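Only the coordinates and a few stated rules stand behind these numbers; no lab work does. These numbers come from a predicted model, not from an experiment. Note that each Cβ is placed from the backbone with ideal geometry, even for glycine, and that neighbours are counted across all protein chains shown.
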């Protein structure tokens, strides 16, 4: 059992210590500030080094299928329409209509108002005998396998009263979302009001009921890797099922070093508490090459336990088409033009 | 899912190896006077790469004379700005041919292509660019208004960074206006010979760079040649001492860059994940064949368990194998002799009671291989804590107070480098003041740059290479 900084207690009492942390602002602050620091240069160097791994042939084919299964196919625009999200949901179920061996994606991610339309498509397909997942049998298809995620809690700014955020969450769940992507209160976090952030996450988790909670840290606004590590631990301590980098609505979205720091956090959190938490980089991951760099990083930071759509997701929209194009290239030997893949 | 990386080998076809190589003297390849030779092998497969000429004393004499003539007639009188043009040209050709040089370096040395491609070659080119810039600015280097070159430099380099050590030696020597006779190590002569071809391609005047291949006897003949004005050596402390004795009483200027037993010191407030990367980079970079390797890990007691656990987890991810595979982290040990030495010292570590650990790791059958290894429970009295192993073997010691860390770090006859890992800036400065080591890295390790001087205290040698300081060894100051 990994020992945490400043804690000499045994594993069992470490667990109970962690559950007590949220009760006191001081305890929470001391704990978060007692986490080992992150050296910026070193973290970026490690991320860059992992980015030089060369993934070819069979490894690439498997990585692409895995990446497709990990995509949270996302549209979060004011201009989203029922028609657009229905199309997106259809694509999520069957990303490459020409190739039944192509696995479906991990989830569809939309605004709460769009949830019912997506639910219609995803549920409607449940009994329709759609083709099963990947060729390696890793992705058995079935009802509800494509999850329905919705951003809630006054996404993307989080600048709304708590009651509004919770109502937003409940509405999304009631409409059929089984995953909720919430944003943390960055203002409170940066001001050092950790308890406030913690309580909001706890409350949102309650409002989620059975739905999985992804906590968006908006790392582009957290300024330092030390803050990313602290926010990751805070979100996990408060009960988040996933930690997610970004809303995609600020200039700096997911980066490899930020994801590295978050992966280290979930690894250490599991070692300390026994509970596994997922990671979702979101925004700015546009092509297969980038996606594979992330998978290599998962592989060499937290290991195979996280190489599964239940524990790692990509929040992305244009990524899927590039994955499909690369997949087709590998199976047929030729590149097809973008017109052969549906736009969403 | 288990994510297995498929083989991703770099192509060998970019390298055009000749079956045999002569000596590079006075601008052309010549046969040795007595026709002797030896073989250079690929340490990853024991396959013979090429036949190499062995230079005897007559060949060395010929090379030194060629260098003398070139110094007196061409290179010495040439204005600095013109010397710079040649050096810039060489630097550019190195960049253009970097893939070829990197593949050849990995073939001959056994180091992973990731390192020869991403570390060695960029640094080699950077060194030539950097010293090219000094060639016409020597009056401003702080060695007087008109510093003069020494003449002919005899340079003997090791096998761990064959081309990089060549660059460290040749670039400042030429920039300062000297000519050189360089002897590469007998196990890794190939990139030096390709460099000779690059000198031809750059139309460097004949005799400015001469390369004589051979083993210890060739090196001795070169160093002891009376026509040599300067001796520069990088290698073992034992040979360095012999060189110092042999040149004593002569007018030869000497710089020596010798062994090391660096302490990599991790405090309890260190950024743990990056420190673990630094430990791994410190000792497993280049199979530990690094004179400034962080071969002694000093970790503060209160975090020792946590750091070791993270280190072991990280070590289990190291990919040992084919040096030409782009995903290889640790390549082959350079020679059978070096492998035997690593094995002997590791056996001594066990015999003296230290606890040995290596991750499960499949080693290829042919070639020279050694799994990444750590020893815990090591004391200052153990041989593995005192002697330079020059392999992927880390000795772990603990300390309680900063003063104890300094005492242990300095308690070695060597003093080449040290590393400090802490989030506290004031402690970095306090430690750096007290560590007797030529290079002190803070929250990083094995970082090199041509602008930064490098060299040792005590038995790690004297003189500095790199930076403005690196010019001093090649100027009459």
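Sort all Cα-Cα distances of segment B:199-312 into consecutive 10 angstrom bins from zero, then give the percent of pairs in each bin up to the one containing the longest distance.
In whole percents, the pair-distance histogram is 12, 28, 21, 19, 15, 5, 0.
Rounded, prolate or oblate: pick one for segment B:20-63, where a ≥ b ≥ c are the square roots of the eigenvalues of its C-alpha gyration tensor, a/c under 1.5 means rounded, and failing that, prolate if a/b is larger than b/c, else oblate.
Because a/c hits 1.5 or more and a/b exceeds b/c, segment B:20-63 counts as prolate.
Run the numbers on segment A:32-340 and let me know its relative contact order in percent, using alpha-carbon pairs under 8 Å that are six or more apart.
Numbers: 571 pairs, mean separation 58.8, N = 309.
Worked out over segment A:32-340, it gives 19 percent.
What ranking of B:75, B:421, B:159, B:430 emerges when the number of other C-beta atoms within 10 Å of each C-beta is taken as an exposure proxy, fewest first?
Numbers: B:75 24, B:421 30, B:159 21, B:430 16.
By the 10 Å Cβ count, ascending, the order reads B:430, B:159, B:75, B:421.
Any idea what log10 I(q)/I(0) is at q = 0.17, 0.19 Å⁻¹ for segment A:167-298, Debye with uniform C-alpha scatterers and no solvent?
So the normalised log intensities are -0.88, -1.08.
What is the extension gain from residue B:38 to residue B:137, computed as 0.36 nm multiplied by their sequence separation minus the C-alpha to C-alpha distance, in nm to one decimal? Each step should come with its number before you reach the end.
Details: separation 99, 0.36 × 99 = 35.64 nm, distance 4.20 nm.
Gain on stretching residue B:38 to residue B:137: 31.4 nm.
Grab the DSSP H runs of chain A that are 4 residues or longer, score each as -39,500 (n - 2.57), total them, divide by all residues and round the 222 nm result to the nearest 500 deg cm²/dmol. Write down the numbers at each step before the final one.
On the way: 13 runs with 158 residues, N = 344.
Counting only the DSSP helices, I get -14500 deg cm²/dmol.
Find how much the distance from residue A:174 to residue A:84 grows on full extension, using 0.36 nm per residue of separation minus their present alpha carbon separation; answer in nm with one decimal.
Working: separation 90, 0.36 × 90 = 32.40 nm, distance 2.13 nm.
Value of the extension gain: 30.3 nm.
Would you please state the base-10 log of I(q)/I(0) at q = 0.13, 0.17, 0.19, 0.20 1/Å for segment B:124-251, with intensities from the Debye formula using one equal scatterer on every alpha carbon?
Values returned for q = 0.13, 0.17, 0.19, 0.20 Å⁻¹ are -0.53, -0.91, -1.12, -1.22.
Pop out the Kirkwood hydrodynamic radius of segment B:400-462 from its pairwise C-alpha distances, inverse of mean 1/r, in Å to one decimal. It would help to have the intermediate numbers written out before the result.
Values: mean 1/r = 0.0820 Å⁻¹.
The answer is 12.2 Å.
Please compute the modelled spin-label separation between residue B:381 and residue B:82, points set 7 Å along Cα→Cβ, answer in nm with one decimal.
Result for the modelled spin labels: 6.6 nm.
Show log10 I(q)/I(0) for the protein assembly as shown at q = 0.06, 0.10 Å⁻¹, two decimals, from a solvent-free Debye sum over equal Cα scatterers.
For the requested q values the scattering log ratios are -0.46, -1.06.
Residue B:355 versus residue B:31, label points 7 Å from Cα toward the beta carbon: distance in nm?
Going by the 7 Å Cα→Cβ label model, 6.2 nm.
For the pair residue B:424 and residue A:318, what calculated FRET efficiency results from E = 1/(1 + (r/R0)^6), where r is the Cβ-Cβ distance and R0 = 45 Å, to the nearest 0.05? Intermediate values should be presented prior to the final figure.
Values: r = 44 Å, r/R0 = 0.98.
So the FRET efficiency works out to roughly 0.55.
Per residue of A:53-60, what is the mean number of Cβ atoms on other protein chains within 10 angstrom of that residue's Cβ?
On the way: counts 6, 11, 6, 7, 4, 4, 7, 3.
Counting other chains' Cβ atoms within 10 Å and averaging over A:53-60 gives 6.
Grab every C-alpha pair in segment B:1-160, bin the distances at 5 angstrom width from 0 up to the longest one, and report whole percents.
The calculated distribution, bin by bin, is 1, 7, 11, 14, 17, 16, 14, 9, 5, 2, 1, 1, 0, 0.
Using a 10 Å cut-off around each Cβ, can you sort B:447, B:230 from fewest to most neighbouring Cβ atoms? Provide the component values of the computation, followed by the final result.
On the way: B:447 13, B:230 25.
So the ranking, lowest neighbour count to highest, is B:447, B:230.
Report the dimensions of segment B:351-430 along its three principal axes from the alpha-carbon atoms, largest first, rounded to Å.
Result, largest extent first: 49, 27, 22 Å.
Quick one: A:182, B:315, fewest Cβ neighbours within 10 Å first, how do they rank?
Working: A:182 29, B:315 25.
Neighbour counts put them in this order, fewest first: B:315, A:182.
What ranking, highest mean first, results for peptides B:261-272, B:364-375, A:330-341 when packing means the other Cβ atoms within 10 Å averaged over each residue? Could you put the intermediate results ahead of the total?
Values: B:261-272: 25.5, B:364-375: 19.8, A:330-341: 11.3.
Answer by packing, highest mean first, reads B:261-272, B:364-375, A:330-341.
Mind giving me the FRET efficiency for residue A:49 and residue A:308? R0 is 30 Å, r the Cβ-Cβ distance, nearest 0.05 is fine.
Details: r = 24 Å, r/R0 = 0.81.
Step by step, r from the Cβ atoms, then E = 0.75.
Compute the label zone of residue A:289 within segment A:51-80: residues whose backbone N is under 13 Å from the point 7 Å along Cα-to-Cβ.
A:51-55
I'd like the mean, over residues of A:38-47, of how many other protein chain beta carbons sit within 10 Å of each residue's own Cβ. Walk me through the numbers on the way to the answer.
On the way: counts 5, 13, 3, 5, 12, 4, 1, 6, 7, 0.
Mean partner-chain Cβ count within 10 Å for A:38-47: 6.
For n ≥ 4 DSSP H runs only, could you compute -39500 (n - 2.57) per run for chain B, divide by its residues and tell me the 222 nm figure to the nearest 500?
-11500 deg cm²/dmol
Under the definition of partner shielding as Cβ atoms of other protein chains within 10 Å of a residue Cβ, what is the mean value for peptide B:6-16? Let's see the in-between values first.
On the way: counts 10, 5, 7, 2, 1, 0, 0, 0, 0, 0, 0.
Rounded to a whole number, the mean comes out at 2.
Can you tell me the order of B:37-43, A:76-82, B:51-57, A:29-35 when each peptide is scored by its average per-residue count of other Cβ atoms within 10 angstrom, highest first? Walk me through the intermediate numbers first.
Details: B:37-43: 19.6, A:76-82: 12.0, B:51-57: 21.7, A:29-35: 17.0.
Highest-to-lowest ranking by the protection proxy: B:51-57, B:37-43, A:29-35, A:76-82.
Computed FRET efficiency, Cβ-Cβ of residue B:244 and residue B:411, R0 25 Å: what is it to the nearest 0.05? Could you put the intermediate results ahead of the total?
Details: r = 23 Å, r/R0 = 0.94.
For residue B:244 and residue B:411, the calculated efficiency is 0.60.
For segment A:32-340, take every pair of Cα atoms, bin their distances at 10 Å starting from 0, and report each bin as a whole percent.
The distribution over segment A:32-340 is 6, 29, 36, 22, 6, 0, given as percents.
Taking only Cα atoms, what is the 0 to 90° angle, nearest 10, from helix B:301-315's long axis to the longest principal axis of chain B?
60 degrees
Kindly state, as a whole number, the per residue volume in cubic angstrom of the convex hull around the alpha carbon atoms of segment A:216-271. Write down the numbers at each step before the final one.
Values: hull volume 3.7 nm³, N = 56.
Dividing the Cα hull volume of segment A:216-271 by its residue count gives 66 Å³.
With the Cα gyration tensor of segment B:283-331 giving a ≥ b ≥ c as the square roots of its eigenvalues, does the rule (a/c under 1.5 for rounded; else a/b larger than b/c for prolate; else oblate) give rounded, prolate or oblate? Working shown, then result.
Values: a/c = 5.22, a/b = 1.66, b/c = 3.15.
Verdict is oblate for segment B:283-331.
Label segment A:31-103 by shape, choosing from rounded, prolate and oblate, from the square roots a ≥ b ≥ c of the eigenvalues of the Cα gyration tensor; if a/c is under 1.5 it is rounded, and otherwise prolate applies when a/b is larger than b/c, oblate when it is not.
On the way: a/c = 3.37, a/b = 1.50, b/c = 2.24.
It comes out oblate by the Cα gyration axes.
For chain B, what's the radius of gyration and Dmax over Cα atoms, in angstrom?
Here Rg and the maximum Cα pair distance are 22.0, 68 Å.
Which angle from 0 to 90°, rounded to the nearest 10, does the C-alpha axis of helix B:237-247 make with the longest principal axis of chain B?
30 degrees
Kirkwood Rh, segment A:279-339, all Cα pairs: how many Å? Each step should come with its number before you reach the end.
Numbers: mean 1/r = 0.0801 Å⁻¹.
Final number for the Kirkwood radius of segment A:279-339 is 12.5 Å.
Specify the angular offset, from 0 to 90 degrees and rounded to the nearest 10, of the alpha carbon long axis of helix A:319-332 from the longest principal axis of the alpha carbons in chain A.
Long axis of A:319-332 versus the principal axis of chain A: about 50 degrees.
Calculate the spin-label point distance for residue A:25 paired with residue B:2, positioning each point 7 Å from the Cα along the beta-carbon direction, and give it in nanometres.
5.2 nm
With a cut-off of 18 Å, note down the residues of segment B:128-154 whose backbone N falls inside the zone around a label point 7 Å from the Cα of residue B:468 toward its beta carbon.
B:130-148
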